[in-house]
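One structure below.
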Amino acid sequence: MSKKKSTPTKKAAPAKSGGKGKPAAKKPVNKAPAKPAPKKAAAKPVKKPAPKPVKKASKPIKKAAPVKTPAKPVKKAAPAKTPAKPAAKPATKAPAKSAPKPASAPVKAAPAKSASPPIKAPSPAKAPATKSAPAPAAKASAMPVAAATPVEVPAPVVVPAPAPKPALPAKSTIKVPPPGPTKSGALFYDSHMHTPLCKHAWGEPEEYAQQAIKAGLKGIIFTCHAPMPNGFWPTVRMSESEFEIYVSIVQRAAEAYKNKIHVCLGIESEWFPGHEDYIRTLHEKAEFDYVLGAVHWQAKEYLAKFESGTIENFRRIYFDNLAKSAESGLYDCLAHPDLVKNYHPDSWCFAIIKNTVSTCLDRIAATGVAMELNTSGLNKSYSEMNPGNEMLRMMAERKIPIVIGSDAHRAQRVGEHFTTALNNLIEAGYEEVSYFQKRQRIDLKISDVLASLKKAADHNA
């Protein structure tokens, strides 16, 4: 297709006939088909291309065809005659109907005007650049394609701009004005907790809501482990048939505590290569306030696929997968981002993989996806929040938004260690902390959140 379209632009040789028409003052065009005449006239049509010469040039083209025995002008005379009959389509109204008419022969001239197919835009952009001489000459001829191309030069320049890569994290980068505190002074949310449906948590959602009030929180977001297909690690998550039950019990708690605390629906959604379509469809099954992405190295499927080589190599693969989960565009935030330090915790040494972590954080920062400070790390085999303070500082340097979650599997752990977590954020260089509503990020000043926790807890005591 590209070859056929390039030939009409090259065979803008009708420019010669059109050029003959201009120097010969319109009528002598028939008598001046000599080859030296177009060379001198070639420059004039470029500077003084006017729709007027085009109308009169279309008539001499018919006579120019027999004068020029070469096959090239003859082929150009044919398209010249066809536009001459409808007159209004290519010749008289070249700028107006250049887009619809050229669609048959020079298909790529149309994308220059319509930015919808950016893939085809580069080819017409190159055509006028490399063959700038015939392009302006074609203005005087019956072919308006070359004439339209220089006119639309800005269009091909703009098309490549959006072509590179659309911004993936449109949702996560939207900043919503924070709502004011409640009467008790509560301002912040615990954005990570579970229900008994995950098979390793205890307590009904209402119990979690009651504990959140005591902790001085404005709201809680349930993020139970999402179902996965083909029996993927089924012992730690709800089944597909239980998904509707999960939604209903969260709604039940929200209704029961409507005037006391804001109970929201979220999901902790597994990331595993090859399951992206399933996960994307799952996220559309309910109106989630928050989608938390997670890479769990403990899954037998994950170990079978990635556990090879040294311990350090396994950890490097984990961080690479963490970055890939952010780049998938499926999640608002990434849960417990250095969870892999609990893989052979006795050998954990952050300095060994710091360069790998740095590269992955650069990739995550580019997506705009937030990351979690998970306070439950203090209860794991490697007793430290996820992430640790050194990685937290690296995240702050890259201005990666931060969300705090208790990862509570028991009601009494809702809001646990939040004051310590907020102070860790300040030491790392953070000034704001976030939570999500309707998949949009809300940022709060850490100083305001610290003050609200104490005030609300004292009020509710």
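The values are calculated or read from the model by the stated rules, or taken from the named source; none is laboratory data. Quick caveat, the model's predicted, so the values are computed rather than measured. Counting neighbours? That spans all protein chains shown, and the Cβs are built from the backbone with ideal geometry, glycine included.
For TYR302, state whether it is among the hydroxyl-bearing types (Ser, Thr, Tyr), modelled with pLDDT of 95 or more and in a loop (DSSP other than H, G, I, E, B).
no
Given the conditions (1) buried (at least 17 other Cβ atoms within 10 Å of the Cβ); (2) more than 28 Å from the chain's Cα centre (by Cα); (3) under 27 Å from THR367 (Cα atoms), report the number of the one that ASN313 does not fulfil.
Only one criterion is unmet by ASN313, namely (1).
Do the conditions hold for LYS285, that is, is it within 20 Å of HIS336 (Cβ to Cβ) and at pLDDT 95 or above?
On the way: within 20 Å of HIS336 (Cβ to Cβ): no; at pLDDT 95 or above: yes.
In short, no.
Which one is surrounded by the fewest Cβ atoms within 10 Å (Cβ to Cβ) among residues in segment 215-232 that are outside any strand (DSSP E or B) and under 30 Å from the mean Cα position of the chain (by Cα)?
Quick first cut of segment 215-232, residues outside any strand (DSSP E or B) only: 215-218, 223-224, 226-232.
Remaining after also requiring under 30 Å from the mean Cα position of the chain (by Cα): 223-224, 226-230, 232.
Details: THR223: 31, CYS224: 25, ALA226: 23, PRO227: 22, MET228: 23, PRO229: 12, ASN230: 8, PHE232: 16.
Here the residue is ASN230.
State whether one or more residues within segment 447-458 are of a type outside the set (A, V, I, L, M), assigned by TED's automatic domain parsing to the domain that holds LEU265, out of contact with any Asp or Glu (no Cβ under 7 Å at 6 or more places or on another chain) and within 30 Å of LEU197 (Cβ to Cβ).
No - not one qualifying residue is present in segment 447-458.
Please verify whether segment 279-286 includes one or more residues that are buried (at least 17 other Cβ atoms within 10 Å of the Cβ) and in a helix (DSSP H, G or I).
Yes - at least one qualifying residue is present in segment 279-286.
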